[in-house]
Each structure stands twice: as C-alpha cells, then as structure tokens.
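The values are calculated or read from the model by the stated rules, or taken from the named source; none is laboratory data. Please read these numbers as outputs of a predicted model, since none were measured by experiment. So basically every Cβ, Gly included, is an ideal-geometry build from the backbone, and we count neighbours across all protein chains shown. Quick note on the areas: whole protein, heavy atoms, side chains included, nothing else; ligands and nucleic acids left out. Shrake-Rupley method; radii C 1.70, N 1.55, O 1.52, S 1.80 Å.
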There are 2 protein chains.
Amino acid sequence: MRKKFILEESDVPKMWYNIKADLAKSPDPLLNPSNNEPLKPEEMEALFAKELVRQEFSNDRWHEIPDEVLELYKMYRPTPLVRAYSLERELDTPAKIFFKNESVSPVGSHKLNTAIAQAYYNKQEGIKRITTETGAGQWGSAMSIACSHFGLELDVFMVRQSYDAKPYRKILMNSYGASVHSSPSQITDYGRGLCASSPEERGSLGIAISEAVEMAVKNSNTRYTLGSVLDHVLLHQSIIGLEAEKQMEMAGERPDKIIACFGGGSNFAGIAFPFIRHNIRAIAAEPAACPKLTKGEYRYDFGDSAGLTPLIPMFTLGHDFSPEQIHAAGLRYHGGGRLVSHLKREGFIDSVAIEQSEAFSAGLLFARSEGIIPAPESNHAIAAVVREALKAKESGKSEVILFNLSGHGLLDLSAYKEYL
Amino acid sequence: MRKKFILEESDVPKMWYNIKADLAKSPDPLLNPSNNEPLKPEEMEALFAKELVRQEFSNDRWHEIPDEVLELYKMYRPTPLVRAYSLERELDTPAKIFFKNESVSPVGSHKLNTAIAQAYYNKQEGIKRITTETGAGQWGSAMSIACSHFGLELDVFMVRQSYDAKPYRKILMNSYGASVHSSPSQITDYGRGLCASSPEERGSLGIAISEAVEMAVKNSNTRYTLGSVLDHVLLHQSIIGLEAEKQMEMAGERPDKIIACFGGGSNFAGIAFPFIRHNIRAIAAEPAACPKLTKGEYRYDFGDSAGLTPLIPMFTLGHDFSPEQIHAAGLRYHGGGRLVSHLKREGFIDSVAIEQSEAFSAGLLFARSEGIIPAPESNHAIAAVVREALKAKESGKSEVILFNLSGHGLLDLSAYKEYL
C-alpha cells in the first residue's frame, strides 16, 4: 500500500492561484479609515512592497512565481501528500483520510511559502529592513529564514505570552539573525503606551501588528510584512493546494471535503482555494476560544488593535477582542480576513469551533498513529477530521477527506505536557 | 538546478546491508567477561530478541527487511538527498556537497531506522516490555514511537544531564506513552548505589546502559535495546547509505568522501558502510571532548559503566571515562564499537576531532545557507565537511562530498542560545 505521494521538484507549480478571478460576486473592498473610501493601491505602498500591493489588488487568475522563489521553495518543496492509513484504522472509519504535510519545512510549518515571496519582493525593491509580528512563532521563524537568505534586517514583535512560554522559538529566530521584541514593547509609541496603562498586558496579535506597522511607517527603507489574512498572503499559500491537487490525482482520488485549521486563513486558504474552484467544500476548524467565522459578525473592522490598518470587511469578534490564552497561539486572531469571510458568506465554506481538549486529544491520537506530533493549531484540523470520519462511520459512507497538517509541534511540547 | 533527489516509496531498499560479508579479515569477537571466551549467541538472548542476536552474529551480506518494518519506514522514508548549493556558494568551494537528510523523520533523526526494526522483532517474539537508555534523547524518542506502534511498554533511562537540560525530549517520549527515568535513578540497584556514593553524578550513557540492562535482566518478558554500537544496529542503519547510493546515481555523481558525526557509530556506519564496499573513504567526525577513534586505545572494554555487557574489541577511552558536558550528548560515548573500530584499524576510515565551537560555527553557517538547524551532533559532520571543502578550494580540486545530516536541532535550541 502506497502511503506517500511525492512530486518531482520539476512538478512544483510555477504559478500561484488567485481565487478572486473565479468569484461570481466580488468581495467588498478594503476601506481607508480616514475617509471610508475604497483603499487605493498607492495608499498601501508605505506599508508593503509595491509588487505585494499589486498582487493584493489583482484579479488575475494566475501569478507567476519568480525563479528565485521557486529555487528557495526547493529547501522543502514539494511537500508530501500522505494517506493516513493508521489513523483510519484507529478510527475504524470507511473514510479515506489524506493529509498534506507542510510540517516538513525547516521552520516546521507552511509559513515559509509566503515568507520567501515577501522577502524576495522587498529585496527586489531595495528595502533594507522588515518588521512583522508573530504569535506562536511560526511566522516569525519563517520570516527569519527568508530575510537571512536575502540579507534583509528583521524586527519581530512577538506576543508577550508566547515570548515567555516559547523561548525556543525566540532562539530559532535569533539563530537566523532576527531581532525579537516582546510585545507590547518599549520601542514603539503604541507599545510604551500600553505598557504604561496596562503593565500586566500579555499581548495579542492585534497589538503586535500595531507595533510592527508603527515601526515600518516611521522608518525609511522599512516595510511591514504580514503572515496571514491579506489576499496576497493567501495567494502565495495556494502552492499547498495546487501541489495537493496533482498529488490527489496521483492517488487516484477526488476529495469530498477539505479541512484546515483557521487563524487568519493562510493555511486554510492555501489548501482549500484551489479545490473550491472545483466545487469541493471546505471546513475551517476554529478554536472555540476565538470563533470568528462561527460566531463573529460580518462587518468592517481593523486588522490590528490600535486601528492603524485599513478597514477589512470580514467576520470579526472585534479588533479589541481578547481571546483566552489557548496553546494554539496562531489561531488567536480576531478576524477572518476579507476573502475567506466572503466565501463563507457565499456558502462555499463551513466552519466548526473546537474546544482545546478535543483538539489535543485528536492530536495525540494522530501522533500515536501517524508518528508526527502536530502543532497545537493543526490539532484543530485533526479534531474536525476525526468528527467527519466518525460521521462517515455512522452513516457507512465512504468519503475522501483531505486536510492540511500546517505544522509540527516539536517546539510546542510544553503545551502537550500540560495536556498530558 | 535540481536540488533534491527523491526516490519513490517503491525504490526504498528491501534489504539491509551487512559489511561483514565483504571484509577480508574478520573483526575480533565479542567476549564473555566471565571466562574471556568468545560470546555465544545464546548468551545474548537474555538481553536481546533472538532475531537481533542472529543478526548480530550473521555474516550474510543481505538481510531482508520485514514488510511491517518497510510499511512503518514509509512514515518518513525515503529521505531526500540534497545538493547543498547555498553552502557551496558560502564556502566558495569547487567541491560538490551533498547531504542525506535524515532529519525529516518524526523524531528528527535517523534513530527510527533501527528502533522500528528492534521493536518489531521483540513484538514478534512475544516480549511485552522494552528498556533502553538515551543521551540526547533522539534514541529514546525513536523507541517511544516504535514501541507505541507495536503496543510495547517502554522504560527509558535518560542521562540526568540531558533529562534536566532537555525537558521537551522527555515530554515527547511521554506523549508516545513511554516512562522516562533520570539516570542514575532510584529504580535499579546500580542507580541507587551511584546516587548514594555520588549524589552529584550527572549521568553518562555508560551508566544509563547499565541501568537499562539491569532492569531487562531482572524482569520477565523484558528485553533491552541499544541505539548504536552493536552490529545489528549498524545493519539496520545501512538503509541510509543504500538509499543514498541510488540517489547519487540519480544525481550522476560518485562521492569521493563520506562524512558523518561519530558517537557509537549508528549514523556513521549507516551512510558509510554501503559506500566503503565500493572503496570510497569515510571520515568519522568526533567531538574533541570524546575522541575515541582519534585518540583512544584499541583493546577489549565493556560497553557500559557497571561492566554488565560483553567485552567489545574497540577503540576506547575506558568504560569509566567521563567526557565533559558538551551539547552533543549523543556523541559522549566512550567506545567506537567493534565494526567501526575494525575498519579504522584496517585503514578504511579516517577520523577527525572537532571542538564544540567549530562545530556550532559550521552548524550556524549551514542553518543560514540551507535553512535547516542541525542537531549539535550533526554539526560535527558539517564542520568536517567545511574543512574538506576549504581544502578543495585551496588545492583547486573539484571533489564530491557526501555527508549525513543525522538530525535537526529544533529540540536543542538551548545549546544554540549558549553558543550565540
């Protein structure tokens, strides 16, 4: 029985896929909060590299991946598609379960797919220094490798809760030459203000974004990068689903359902969007502690705490929402982003909210059957897969489930310790 | 430029390679310490599964890999062979550098190659419980996954120094259901005695082996397993070199030199032995703190501290040698093992002793160029590669170097922190 389906390097897709080209109805535009008018591309260019802004606003279906980016993708791409026979056996389900293993990258997650691209375009445009935020540390680690490769300086604002709980992530970023700041920090106005007014503040992604944006705007030759939420980030992540599409063909199966965990949408959109264009349904697995798609309100909201970003039309729990401190720090973001929220409203996407204990229980089952310790974020996807596989067993229906293993949990073992 | 050379699952070798079949001169035998007579297979069977003893004494060139083992190998095998273009560029060397990436396994090292086989044979023979030792934690983690899969209980004696310094490794083993004891422990006679006489003892592989052996001998349905040194362990690891042989053919290159770090010999022999049979030279990279091949004496010595094992003919620093506490805990073993020591004497193998600072400096260079943070053990191999590549640059000679990246360092980041 074949277990892994592996592409040749030469079969790695040469283009990213933009789902906006295939939408019957366009998503609502981003707004400039100063005048509530649709945001113009040039208004974003103080913050992001020009080519990234162009991609953000583009409706072209396909975007060519630069050779230099493809070359760096070879560090870890193509990633394997795996048939989870042992998990199927454990669950005694007629469902066929496949997963795309994005944990094989050097930082242990899918985040490099867009980090490499973002660092590349900034370098091309003569930018010297990058700022960004990180929650769990996966995104900051990815930007560290990418910036190290292209010779860019990097300042990472790391949510204080994670900064304290995950010292290994900080060392990993330092090893690649990045500067890492506990957020809220003393090096931005917004951070200093918060530290003064709320000395006990443990930080949030929204706060860290505000700090990184402030630093980018106030310094010359400096741009901000974001690891999720925005259209250009989701575009780069489409490489996951495009590879998986070819691999499912190798396996001779068509998925009935795509499942991924959901924080800001980057791994979810990455695996799901290329399949949604073939009318395959996708399920976003959110943490019960931060269920924006499942329980949030669709409206315009800021992407950060301080209100420095454009207004984004999305399902949101409010940009001042402070979710409890779950281990899946990468899923603690208040909003669903423009594209995923639009697709949810249009009925292409379902969402489920998963309690932390259910997520870890599923993650350990996966680890013991398939060998790999998943990231706490990915555990939410696995829990949703387990639910679907057990439903299939009940109804006696053989169906094909594909999920994204967004990352491994080797740097999150303290979370497992608490669960055990 | 193609970077990775990846086999199909169906091309994973179906047999392990035993270099003893190709030796003009036989290595000296193991001795029974009670009478100094050559050890008989049946005398080992109280300690090891029978099939493993049969393999230990076998001179057959090829040993069939059981289907169940091949099936589990698919968790992570075949592993990639990678051309290290970026490292070559950094070193500005005419040498072509390839590495076999064994870090992609779920525990992050090559140790699963033999853990799966050893757990399988024990299960086949009706054994219920396994004991073993672990230094850095790589081997204990590998046995934990393997035992979890086959439903075997597992007791791991973890060198106290590592137990305290690497809490994540312990959690990883616990996640797979293993019991982990800080060694010296209170649960064996030998451990209790040591704790009483030397309360400050930080442990060693030799001590941990003594404890694991004692527990195996004193309990029914219990066997001991070892992660390195012995012939049957090296046999299982030959899968590394056999895969690499096919992959070097894909790359159209023949290696001039094979390099691997050297602790007890498992990753070194794994990559080197299949190439030594084609008269390709190998270099063992030892830590300067524990240079048994480079500075040890060839004689009979015990494999453990307490003198519970058979006598092994090998290069040794003495079974009571206590190396300083370097980060590469997996290389802190006093002896070179029978087969590697024999090949060193016969002139097939060179060795070099590498200082810790040189190892970490090479490891960081590798991380920043190739993306992957190597295990502290693997850093020694990389340092030896850097030396050879710079020699090639000096002499203007284009040569092909193949090394084994035995593991990644994501669970060893505290070691990097100290170095940084």
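Residues that are closer than 17 Å to A:Asn221 by Cβ: list the helices (runs of 4 or more DSSP H) wholly contained in region A:74-156 that include at least 2 such residues. Break it down into steps so the answer makes sense when it comes.
Working: elements: A:85-91, A:112-124, A:138-150.
It comes to A:112-124, A:138-150.
Evaluate the following for B:Ser197: is it modelled with pLDDT of 95 or more, of a type in the set (Ser, Thr, Tyr), more than 23 Å from B:Ala84 (Cβ to Cβ) and touching a helix residue (DSSP H, G or I) at 6+ places or on another chain (Cβ under 9 Å)?
Working: modelled with pLDDT of 95 or more: yes; of a type in the set (Ser, Thr, Tyr): yes; more than 23 Å from B:Ala84 (Cβ to Cβ): yes; touching a helix residue (DSSP H, G or I) at 6+ places or on another chain (Cβ under 9 Å): no.
No.
Output the qualifying pairs, or none if there are none: Cβ atoms under 7 angstrom, residues six or more apart or on different chains, first residue in region A:405-420 and more than 9 Å from chain B (Cβ to nearest Cβ) and within 15 Å of A:Glu370 (Cβ to Cβ), second residue buried (at least 20 other Cβ atoms within 10 Å of the Cβ) and among the acidic types (Asp, Glu).
That search, which allows pairs on different chains as well, returns A:Leu405/A:Glu102; A:Ser406/A:Glu102; A:Ser406/A:Glu377; A:Gly407/A:Glu102; A:Gly407/A:Glu377.
Going through region B:246-266 one residue at a time, which ones are assigned to a helix (DSSP H, G or I) and open to solvent by 10 Å² or more (accessible area, probe 1.4 Å)?
First pass over region B:246-266, keeping only residues assigned to a helix (DSSP H, G or I): B:246-251, B:266.
Scanning region B:246-266 gives B:Lys246, B:Glu249, B:Met250, B:Ala251.
Just wondering, is there one or more residues in region A:287-299 that are touching a Ser or Thr at 6+ places or on another chain (Cβ under 8 Å) and farther than 23 Å from A:Pro27 by Cβ? Can you show your working first?
To start, the set of residues in region A:287-299 that are touching a Ser or Thr at 6+ places or on another chain (Cβ under 8 Å) comprises A:291-294, A:296-299.
Next, from what is left, pick out any that are farther than 23 Å from A:Pro27 by Cβ: none.
Scanning region A:287-299, I find no residue that is touching a Ser or Thr at 6+ places or on another chain (Cβ under 8 Å) and farther than 23 Å from A:Pro27 by Cβ, so the answer is no.
Quick check, is B:Lys123 more than 14 Å from chain A (Cβ to nearest Cβ), open to solvent by 10 Å² or more (accessible area, probe 1.4 Å) and touching a residue at least 24 places away in the same chain (Cβ under 8 Å)?
Working: more than 14 Å from chain A (Cβ to nearest Cβ): yes; open to solvent by 10 Å² or more (accessible area, probe 1.4 Å): yes; touching a residue at least 24 places away in the same chain (Cβ under 8 Å): yes.
Here the answer is yes, as B:Lys123 does meet what is asked.
Return yes or no: is B:Asn59 polar (S, T, N, Q), open to solvent by less than 20 Å² (accessible area, probe 1.4 Å) and within 25 Å of B:Glu245 (Cα to Cα)?
So B:Asn59 fails the test.
Looking at region A:1-30, which of the residues that are assigned to a loop (DSSP other than H, G, I, E, B) and among the β-branched types (Val, Ile, Thr) is nearest to A:Asn113 (Cα to Cα)? Even if it seems obvious, please write down each step before you answer.
Step one: list which residues in region A:1-30 are assigned to a loop (DSSP other than H, G, I, E, B), which gives A:1-3, A:6-8, A:12-14, A:18, A:23-30.
When the remaining residues are screened for being among the β-branched types (Val, Ile, Thr), the result is A:6, A:12.
Details: A:Ile6: 18, A:Val12: 12 Å.
Looking at residues that are assigned to a loop (DSSP other than H, G, I, E, B) and among the β-branched types (Val, Ile, Thr), I get A:Val12.
Would a scan of region B:345-364 turn up a residue that is in contact with a Pro (Cβ under 6 Å, 6 or more places away or on another chain), open to solvent by less than 20 Å² (accessible area, probe 1.4 Å) and within 14 Å of chain A (Cβ to nearest Cβ)?
yes
I'm checking my understanding of the structure. Among residues of region A:72-90 that are open to solvent by 30 Å² or more (accessible area, probe 1.4 Å) and over 22 Å from the mean Cα position of the chain (by Cα), which one is farthest from A:Glu394 (Cα to Cα)?
First pass over region A:72-90, keeping only residues open to solvent by 30 Å² or more (accessible area, probe 1.4 Å): A:74-75, A:83, A:85, A:89-90.
From the residues that got through so far, the ones that are over 22 Å from the mean Cα position of the chain (by Cα) too are A:83, A:85, A:89-90.
On the way: A:Arg83: 21, A:Tyr85: 19, A:Arg89: 15, A:Glu90: 15 Å.
Restricting to residues being open to solvent by 30 Å² or more (accessible area, probe 1.4 Å) and over 22 Å from the mean Cα position of the chain (by Cα), the top hit is A:Arg83.
Hey, can you tell me all the residues within region B:3-47 that are within 14 Å of chain A (Cβ to nearest Cβ) and surrounded by 14 or more Cβ atoms within 10 Å (Cβ to Cβ)? Can you show your working first?
In the first step, residues of region B:3-47 are kept if they are within 14 Å of chain A (Cβ to nearest Cβ); the result is B:3-12.
Selection gives B:Lys3, B:Lys4, B:Phe5, B:Ile6, B:Leu7, B:Glu9, B:Val12.
Kindly evaluate B:Thr93 against the criterion of being of a type in the set (S, T, N, Q), in contact (Cβ under 8 Å) with a residue 60 or more places away in the chain and over 30 Å from B:Gly396 (Cα atoms). Talk me through it step by step, then tell me what you get.
Details: of a type in the set (S, T, N, Q): yes; in contact (Cβ under 8 Å) with a residue 60 or more places away in the chain: yes; over 30 Å from B:Gly396 (Cα atoms): no.
Answer is no for this residue.
Search region A:162-209 for residues being among the small types (Gly, Ala, Ser) and within 14 Å of another protein chain (Cβ to nearest Cβ), and hand back the single one that is surrounded by the most Cβ atoms within 10 Å (Cβ to Cβ).
Keep residues of region A:162-209 that are among the small types (Gly, Ala, Ser), which gives A:162, A:165, A:175, A:177-179, A:182-183, A:185, A:191, A:193, A:196-198, A:203-204, A:206, A:208.
From what's left, within 14 Å of another protein chain (Cβ to nearest Cβ): A:165, A:175, A:177-179.
On the way: A:Ala165: 18, A:Ser175: 23, A:Gly177: 17, A:Ala178: 25, A:Ser179: 15.
Checking each candidate, the answer is A:Ala178.
Among (1) at pLDDT below 95; (2) within 14 Å of another protein chain (Cβ to nearest Cβ); (3) under 22 Å from B:Gly206 (Cα atoms), where does B:Ala375 come up short?
(1)
In region B:157-178, how many are assigned to a strand (DSSP E or B) and not aromatic (Phe, Trp, Tyr)? Walk me through it before giving the result.
Taking region B:157-178 and keeping what is assigned to a strand (DSSP E or B), we get B:157-159.
Now narrow it down to the ones that are not aromatic (Phe, Trp, Tyr): B:158-159.
Residues in region B:157-178 being assigned to a strand (DSSP E or B) and not aromatic (Phe, Trp, Tyr): 2 in total.
Every residue in region B:309-331 that is hydrophobic (A, V, I, L, M, F, W, C), farther than 20 Å from B:Gly409 by Cβ and crowded, with 19+ Cβ neighbours inside 10 Å, please. Outline the logic, then answer.
Quick first cut of region B:309-331, residues hydrophobic (A, V, I, L, M, F, W, C) only: B:311-312, B:314-315, B:317, B:321, B:326, B:328-329, B:331.
Still in the list and also farther than 20 Å from B:Gly409 by Cβ: B:311-312, B:314-315, B:317, B:321.
Once the filter is applied, which keeps residues that are hydrophobic (A, V, I, L, M, F, W, C), farther than 20 Å from B:Gly409 by Cβ and crowded, with 19+ Cβ neighbours inside 10 Å, region B:309-331 yields B:Leu311, B:Ile312, B:Met314, B:Phe315, B:Leu317.
Residue check, B:Phe48 against (1) in a loop (DSSP other than H, G, I, E, B); (2) farther than 23 Å from B:Glu214 by Cα; (3) modelled with pLDDT of 95 or more, all met but one. Which one?
(2)
Among B:Ile116, B:Ile130, which is under 22 Å from B:Asp231 (Cα atoms) and more than 14 Å from chain A (Cβ to nearest Cβ)?
Details: B:Ile116 fails: more than 14 Å from chain A (Cβ to nearest Cβ).
So the residue among B:Ile116, B:Ile130 that is under 22 Å from B:Asp231 (Cα atoms) and more than 14 Å from chain A (Cβ to nearest Cβ) is B:Ile130.
Could we say that B:Ser141 is more than 25 Å from B:Ile271 (Cβ to Cβ) and within 14 Å of another protein chain (Cβ to nearest Cβ) here? Can you show your working first?
On the way: more than 25 Å from B:Ile271 (Cβ to Cβ): no; within 14 Å of another protein chain (Cβ to nearest Cβ): yes.
No.
Taking region B:144-159 on its own, how many of its residues are open to solvent by 50 Å² or more (accessible area, probe 1.4 Å) and more than 13 Å from every other protein chain (Cβ to nearest Cβ)? Can you show your working first?
At the first step, the residues of region B:144-159 found to be open to solvent by 50 Å² or more (accessible area, probe 1.4 Å) are B:149, B:151, B:153.
From the residues that got through so far, the ones that are more than 13 Å from every other protein chain (Cβ to nearest Cβ) too are B:153.
Going through region B:144-159 one residue at a time, the tally reaches 1.
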